[in-house]
Amino acid sequence: MAGAIWCVVEDDRKGTPKKVMAEVIGEAARLGGPVEAVWLTDKASEDGLRELGSWGATKVWLLENAAFAPYRSEVWAAALAELAAAQSPKAIFGPVTSRQREALARLAARLGVGIAADSVAFAMEGDRLVATRPVYAGKLLSKVTWAKQPWVATLRPNVFRPAESQAGKTAAVERPGVKIANAQMKFIERREELSTGLPELAEAEIVISGGRGMKGPENYVILENMGKVIGAAVGASRAAVDAGWRPHRFQIGQTGRTISPKLYMGFGVSGAIQHLAGMRTSKVIVAVNKDPEAPIFKIADYGIVADLFEVVPALTAEFKRLLEK
């Protein structure tokens, strides 16, 4: 409907919205709604539709088409732009993910409006929405607004208060007809996503990260073992990714994932500004590095100057002991 706040759904590619959508929908409702979800997918599940309703979406615009998988931003942006032109939402929100960073930027360009990327707070000032977002690699916070609607923004995960699930609350589902743009790119190789058995990096409440100090890809197993004990995601610095030790999807930083977990633990991470830009809003930061002058100690809440290959096994054993009590 005209004047609604749209929340573009991020799903797990298996028909289920990710939990970050509870944060996006919750913030949209706090700003005064009405809140509607827009779901572009090749296969939606009834459970997923019910979940969006339980989080507070009053309507789900379901765009279900095989052309939406695999994801290509030009296909998403064209469909969203056509629907937005027809329905006139006042705002379009999405979480900061690899897909939506790109798709919503393309959408804003198509609509001729600004985008507040990586937002960490919103406030209504009269009839204007004001967004707060980090600038200069997270060193400062900037407040921005829009010259015209719709207000397009991406929201940093683990920052906004999630909507509480309301059992039995449902959303009306509409299946609008939109023109599906021809994809300008196609995959010429297989796409394989290997599961680590650990939480997804951007949504995890605890994140463990390894840097150049890990010395090689084979040593990340000690971080994964710790992650399994405490339910943490395992990421990496750009230096480790550039060295080929970890895939890019695990990179934390300005050119990787932006995270805001309750607890971040960096092992052998020096704290280059590129990395700090992606994790400095973590609630508690723990750093372990042999170099007492490593920049990460300047923002760490707790620091240990020691060999990570001694610290990690000791911490893992202690976590096990505490959790077995």
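Any chance you could give the angle, 0 to 90 degrees and rounded to 10, that helix 20-30 forms with the longest Cα principal axis of the chain?
Compared with the principal axis, the helix lies near 50 degrees.
I'd like the distance separating the alpha-carbon centroids of segment 236-302 and segment 87-133, in whole Å.
Between the Cα centres of segment 236-302 and segment 87-133 lies a distance of 27 Å.
Can you pull the Kirkwood radius for segment 5-174, inverse mean 1/r over Cα pairs, to one decimal in Å?
Working: mean 1/r = 0.0631 Å⁻¹.
With all distinct Cα pairs of segment 5-174 included, I get 15.8 Å.
Pop a pseudo-label 7 angstrom from the Cα along the beta-carbon direction at both residue 135 and residue 284 and give the gap in nm to one decimal.
The answer from the label model is 3.3 nm.
Sequence neighbours fewer than 8 away in the same chain don't count; with that in mind, list the lysines whose C-alpha is under 23 Å from residue 19.
Result set, ordered by chain and number: 43, 59, 169, 228, 262, 283.
In segment 287-325, which residues have a backbone nitrogen under 16 Å from the label point lying 7 Å from residue 215's Cα in the Cα-to-Cβ direction?
It comes to 289-291, 306-314, nothing else.
Computed FRET efficiency, Cβ-Cβ of residue 148 and residue 69, R0 51 Å: what is it to the nearest 0.05?
Calculated transfer efficiency: 0.95.
Give me the number: length gained by fully extending residue 273 to residue 50, i.e. 0.36 nm times residue separation minus the C-alpha to C-alpha distance, one decimal in nm.
Result: 76.1 nm gained on full extension.
Find how much the distance from residue 243 to residue 174 grows on full extension, using 0.36 nm per residue of separation minus their present alpha carbon separation; answer in nm with one decimal.
Stretched fully, the residue 243-residue 174 segment lengthens by 20.1 nm.
With axes computed from alpha carbons, what is the tilt in degrees of helix 46-55 against the longest principal axis of the chain, rounded to the nearest 10 within 0 to 90?
90 degrees
Roughly how tilted is helix 308-323, in degrees to the nearest 10 and between 0 and 90, from the longest Cα axis of the chain?
70 degrees
Note the full-extension length gain between residue 110 and residue 123 as 0.36 nm times their separation in residues minus their Cα-Cα distance, in nm to one decimal.
Residue separation times 0.36 nm, minus the Cα-Cα distance, leaves 2.1 nm.
Each value in this text was obtained by applying a stated rule to the coordinates, not by laboratory testing. If you're wondering where the values come from, they're calculated on a predicted model, not measured in any experiment. Virtual Cβ from ideal backbone geometry, glycine too; neighbours counted across all protein chains shown.
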